[in-house]
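Notes follow the structure.
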Amino acid sequence: MHYVHQSQRNLLKHKILSKSGDKIANEYGRDFFYNYKNKINNIINPQEYFGYTDWSSNNKGFIYYIPSVQVPDSTKILEGMTSISIPAHKYVVFRFVGFFRPDELNGRHIGRLLVQLYRKWILKSGYRFADTFRFEYIDNSMSKDNYCELYVYQPIEDIS
């Protein structure tokens, strides 16, 4: 488990139908990373990518996928973008290793990891989900043409 302190993100927010396929979020993430990220001047680490998933509206048949980067504050937001603050929580962190470029990640890869998290780990863990979001983290400085790591951060709290 890790503790993550509150931090700010500059982002583009995308509404995705829950059954719309496994490559949509990846396409939004690539578009953000290559076409929008470099327009943000106050990025803390340009090699880091955060894919924030908000499922608070999932019972309505959709989620929000929010490609983002970390910034020191939300005072310099580009037109067309918004800012969110990820609250401090205790998180369980799952790591996915792929022997391909991060651009080739898709929902099937992450889906296997999420099945472990949602259907197996949480039931035996003594924890429950603490919020209606999770986020993915990729540090591109560790990536190569044949290697990538992705971390899924899920807020949790004790059941008791």
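Can you say whether Ile66 is under 20 Å from Asp31 (Cβ atoms) and either part of a helix (DSSP H, G or I) or within 14 Å of the chain's Cα centre (by Cα) (or both), as far as the supplied structure shows? So Ile66 passes the test. When you scan segment 69-87, how many residues do you find that are surrounded by fewer than 17 Cβ atoms within 10 Å (Cβ to Cβ), within 15 Å of the chain's Cα centre (by Cα) and of a type in the set (A, V, I, L, M, F, W, C)? Residues flagged as surrounded by fewer than 17 Cβ atoms within 10 Å (Cβ to Cβ), within 15 Å of the chain's Cα centre (by Cα) and of a type in the set (A, V, I, L, M, F, W, C) within segment 69-87 amount to 0.
Under the condition of being among the acidic types (Asp, Glu) and either assigned to a strand (DSSP E or B) or without any contact (Cβ under 8 Å) to a residue 24 or more places away in the chain (or both), which residue from segment 118-143 is nearest to Leu105 (Cα to Cα)? Filtering segment 118-143 for residues that are among the acidic types (Asp, Glu) and either assigned to a strand (DSSP E or B) or without any contact (Cβ under 8 Å) to a residue 24 or more places away in the chain (or both), the one nearest to Leu105 (Cα to Cα) comes out as Glu136. Being under 22 Å from Ser141 (Cα atoms) and at pLDDT 85 or above holds for only one residue in Ile110, Ile66, Ile122, and it is Ile66. Candidates in segment 129-148 are the residues that are surrounded by 12 or more Cβ atoms within 10 Å (Cβ to Cβ), of a type outside the set (A, V, I, L, M, F, W, C) and more than 13 Å from the chain's Cα centre (by Cα); of these, the one that is nearest to Gly29 (Cα to Cα) is Asn140.
Criterion applied to Arg95, Arg112, Arg108 was being under 16 Å from the mean Cα position of the chain (by Cα) and part of a strand (DSSP E or B), and the one residue passing it is Arg95.
The values are calculated or read from the model by the stated rules, or taken from the named source; none is laboratory data. Quantities reported herein were computed from a predicted structural model and do not represent experimental measurements. Cβ coordinates were reconstructed from backbone atoms using ideal geometry, including for glycine residues, and neighbour counts include every protein chain displayed.
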